[in-house]
Amino acid sequence: MVQHEALDAATKGFKEEVTKELGKSHVKFDTQNAQGDSSTATTICNNFASENEDLILANATASLQAASAATKSIPILGTAVTNYQVALNLKKFNGTVGGNISRTSDLAPLDKQEKMIKDFVPKAKKLGIKVPAGYKAYKN
């Protein structure tokens, strides 16, 4: 969706692993960046769909939404998306998106974050963690 160190690292890691698994001679990547423009993301994904690409890596929420709208048959792997339920307007979400979309998430486990903070600051009386919309907040 945009040039960003974390997003670029996710794309790089994906390419490295796919190449390692399938071999360099069996893989061709067409990496495109929407430069922060949702309509450009839509155009890119529509082009991928019309070219009948084998797989779309949707890096960030707007890219996932554009890819999801562009095709229901080409496999889509979402990455760098925190909340798939909100991003894809899913009524029910049990962790599996379904259809042609698989996912990775950048949401760190909140319970482990809480424990880590308590370990670092054991005398703290109050602890606040911002929870993304759609996720249940736990109070301990």
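Just so you know, in the range 1-30 the residues that are surrounded by 11 or more Cβ atoms within 10 Å (Cβ to Cβ) and hydroxyl-bearing (Ser, Thr, Tyr) include one that is nearest to THR79 (Cα to Cα), and it is THR11. Against the conditions (1) in contact with a strand residue (DSSP E or B) (Cβ under 9 Å, 6 or more places away or on another chain); (2) over 23 Å from GLU17 (Cβ atoms); (3) of a type outside the set (Phe, Trp, Tyr); (4) assigned to a loop (DSSP other than H, G, I, E, B), GLY36 satisfies every one except (1).
Among the residues of the range 93-140, the ones that are under 30 Å from ALA70 (Cβ atoms) and either at pLDDT 80 or above or of a type in the set (S, T, N, Q) (or both) come to 13 in all.
In the range 78-92 there is no residue matching the filter, namely being of a type in the set (S, T, N, Q), at pLDDT 95 or above and within 15 Å of the chain's Cα centre (by Cα). Filter the range 29-66 for residues that are charged (D, E, K, R) and modelled with pLDDT of 95 or more; which is nearest to GLY98 (Cα to Cα)? If we take residues in the range 29-66 being charged (D, E, K, R) and modelled with pLDDT of 95 or more, then ASP54 is nearest to GLY98 (Cα to Cα). Could you grab me the full set of residues in the range 31-58 that are farther than 20 Å from PRO75 by Cβ and of a type in the set (Asp, Glu)? If the condition is that a residue be farther than 20 Å from PRO75 by Cβ and of a type in the set (Asp, Glu), then ASP37 is the only one that fits.
Scanning the range 44-64 for residues that are of a type in the set (S, T, N, Q) and surrounded by 21 or more Cβ atoms within 10 Å (Cβ to Cβ) turns up ASN59, SER63.
The values are calculated or read from the model by the stated rules, or taken from the named source; none is laboratory data. All figures in this text were calculated on a predicted structure; none of them were measured in a lab. So basically every Cβ, Gly included, is an ideal-geometry build from the backbone, and we count neighbours across all protein chains shown.
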